[in-house]
Amino acid sequence: MKIVAVDVWTVIVPTIEGRVHSPEIVPETGWDRVPKHLIRLRTDCELVGIGETGRGEQIQSVRDGAGRLLGADPEKIPLQNIFQHNQFGKPFGIGPAYEAFEMALCDLVGKARGVPVHTLLGGAVRNRVRADYWMGQQTVEDSKRSVERALKAGFTGIKIKCQIEDPIYERLKAILDIAGYEFKVTVDPNERFRTAEQTIELAKKLDDLGNIEVFEDPIPKSDVEGYRRIHDVVNHPIAQHLTSPLAVLAAIKEDIVDCFNLGGSLFGFCRNAAIAASAGMDCWHGSGNDLGIIDTSYIHAAAATTNCVMASDFVGSWTREDDLIAEPIEFYEGYVDVPQLPGLGCKLDEYSLEKYTQSFEVIEN
């Protein structure tokens, strides 16, 4: 078997109005109009493998990555380091559009071997993965509607985006009034609490509510001393969103967090999670408001790591107009089942794909 062509769809799938930010707080940001690329590896047999890039990946990067794989036998490519199959001693997990091609290769090899991707990652340690609902920066009234929608869908917690100027106490109080103490909130300002002093002051105000799960990235990660003060004083767990194993090691060494929101490629996430596990820390899988292929890959990675027990961010299916996969990811009681079909276990929705495609090309020798 060898890879003979790569199909590439450049797509734009807008978010659903009201599902991310309230316009009164955040006018149009435009990030959902940033293109993504969906790729399909074709072989000289009937098998294919699909993948998805992050937002903003350049098309030339996709072309360069495809060029490195054309003509290769997928079964002979080391899945932990896909572009180094003929080069030893090179860094792991780097290269053009790496995550998308690693994803597609794992899908392809999984199908060839008749096993799901999580088996290639070492095997699933759970048959379902925790997941929370998600909302952006919203008004109190819009936050209420988001929580009502989350409860109706069976979720048991939510992640909210915010900044220090927002009505954070009022939002969390409204969530508490609607959903109760057991419905927990991950507070993620994307470093926009700005200082340790402001973070500590806000945390003290929120203490009495009792519905906070974790503070994620309260201040810039470069402010190590600020994180140390927050970690020493704040009563809630502190997390950082990281993708680099060196950054995970540094946060553990500095003793400034209690848990992690982790990213990376399929194998990259598993490596990051293993580092956290060695320090006795739990994690969850982060996201970038993606589409269905990436979200499905996240579920495989989360299932294959022992310490990914916190609620992960598989959010694209309810923030975007379409996830571009034939069978949507199903959530129930705050969980999602781990796919058991060979490969990723999802297929492209050809009908919806046509609607959102901006351009299409085939890369081949």
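Computed quantities for the displayed model
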{"quantity": "Among the candidates Ala251, Ala277, Ala301, Ala247, residue that is within 28 Å of Cys346 (Cα to Cα) and at pLDDT 95 or above", "calculated": "Ala301"}
{"quantity": "Residue match in the stretch 96-112 (condition: in the same structural domain as Glu330 (by TED's automatic domain parsing), touching a Lys or Arg at 6+ places or on another chain (Cβ under 8 Å), buried (at least 22 other Cβ atoms within 10 Å of the Cβ) and modelled with pLDDT of 95 or more)", "calculated": "no"}
{"quantity": "Residue within the stretch 305-328 that is surrounded by 24 or more Cβ atoms within 10 Å (Cβ to Cβ), of a type in the set (Ser, Thr, Tyr) and out of contact with any Ser or Thr (no Cβ under 6 Å at 6 or more places or on another chain) present", "calculated": "yes"}
{"quantity": "Residue match in the stretch 42-58 (condition: assigned by TED's automatic domain parsing to the domain that holds Thr15, part of a helix (DSSP H, G or I), among the basic types (Lys, Arg) and at pLDDT 95 or above)", "calculated": "no"}
{"quantity": "Hey, Thr29 of a type outside the set (A, V, I, L, M, F, W, C), in a loop (DSSP other than H, G, I, E, B) and either at pLDDT 95 or above or under 23 Å from the mean Cα position of the chain (by Cα) (or both) or not", "calculated": "yes"}
{"quantity": "Filter result for Thr199 (closer than 23 Å to Gly288 by Cβ, of a type in the set (Ser, Thr, Tyr) and surrounded by 20 or more Cβ atoms within 10 Å (Cβ to Cβ))", "calculated": "no"}
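So that you can scan it fast, the table gives a plain yes or no per residue for (1) free of Cβ contacts under 8 Å to residues at least 40 places away in the same chain; (2) under 26 Å from Gly67 (Cα atoms):
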residue	(1), (2)
Ala279	yes, no
Leu291	no, yes
Ala303	no, no
Ser312	no, no
Val336	no, no
Gly343	no, yes
Ser352	yes, no
Lys355	yes, no
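The values are calculated or read from the model by the stated rules, or taken from the named source; none is laboratory data. As the structure is a prediction and not an experimental result, all values here were calculated from the model. Methodologically, a virtual Cβ is constructed for each residue, glycine included, from the backbone with ideal geometry; neighbour enumeration extends over all protein chains shown.
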